[in-house]
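The values are calculated or read from the model by the stated rules, or taken from the named source; none is laboratory data. Keep in mind it's a predicted model, so treat the numbers as computed, not measured. Cβ placement follows ideal geometry from the backbone for every residue including glycine, while neighbour counts extend to all protein chains displayed.
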Amino acid sequence: MSRSIRWVAELAILTWVLGLVALAVAAEGVLVEDWSAYPAGTRGRPAGWQRQSWGSPAYDFTIVEDDGRRVLHLKSHDENSTITKDIKGKVNLQDTPILEWSWKAVTLPAGGDVRHGATDDEVLQVYVDWPRFPEAVRSRIIGYVWDDTAPVGTIVKSEKTGTVTYVVVRSGPAELGQWRTERRNVREDFEKI
């Protein structure tokens with residue numbers, strides 16, 4: 001379990017979704033991002049974050065102030081925008097197994113359901129990636145998602161790719177418009193999956 005990991009913020013969201021304020025690994029307190037280094041109004045893909053290698057993402061991102069905190073505001077119109085940050089060498093699951101982040105969604109994709117390939121469309125996603133060669137077929141990826149219909153606690157393999165396993169941490173519209181902080185023991189989730 002000492003294998004280095006890469007935290008991936010998969011930001012596949014719908015119109016007017018506000019999310020992903022901070023990714024932090026507890027224990028030694030390895031901060032991945034809190035957006036405070038960016039002035040409010042900064043637009044586009046944040047510096048230090050890598051773009052996805054497929055499709056034509058819009059990267060409609062803006063740093064804004066919300067409820068007294070600096071956050072990354074995301075919008076999507078029938079597309080996804082994935083950004084990644086490699087933290088290889090900074091996190092070891094024996095010492096820093098806890099991943100904590102805050103997110104806020106204001107709308108959900110109608111009929112999205114992570115359990116079925118045809119409706120696999122989540123409002124927010126945070127991925128943890130264990131890259132192994134060849135990455136396309138051997139990597140292990142956990143996707144923590146806010147789903148429209150799948151119940152909280154659902155763990156399911158993606159029907160679109162065999163390397164991704166989803167864990168539903170929020171579901172449905174009841175908490176839309178509210179900041180929620182998630183805390184996951186990635187080491188335990190990795191062992192379960």
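Figure legend. Inter-residue proximity from segment 122-135: first residues over 20 Å from residue 172 (Cα atoms) and modelled with pLDDT of 80 or more, second residues of a type in the set (Phe, Trp, Tyr) and part of a loop (DSSP other than H, G, I, E, B), beta-carbon distance below 6 Å, spacing 6+ or different chains. No pairs are indicated. When 192, 157 are checked against the criterion of being closer than 21 Å to residue 132 by Cα, without any contact (Cβ under 8 Å) to a residue 24 or more places away in the chain and not hydroxyl-bearing (Ser, Thr, Tyr), a single residue qualifies: 157. Just a yes or no: is a residue in segment 128-135 of a type outside the set (Lys, Arg), surrounded by fewer than 20 Cβ atoms within 10 Å (Cβ to Cβ) and touching a His at 6+ places or on another chain (Cβ under 9 Å)? Looking through segment 128-135, none of the residues is of a type outside the set (Lys, Arg), surrounded by fewer than 20 Cβ atoms within 10 Å (Cβ to Cβ) and touching a His at 6+ places or on another chain (Cβ under 9 Å).
Conditions tested, residue by residue: (1) in contact (Cβ under 8 Å) with a residue 40 or more places away in the chain; (2) farther than 20 Å from residue 34 by Cα; (3) part of a strand (DSSP E or B); (4) not basic (Lys, Arg).
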| site | (1), (2), (3), (4) |
| --- | --- |
| 61 | yes, no, yes, yes |
| 74 | yes, no, yes, yes |
| 77 | yes, yes, no, yes |
| 84 | yes, no, yes, yes |
| 87 | yes, no, no, yes |
| 94 | yes, yes, no, yes |
| 111 | no, yes, no, yes |
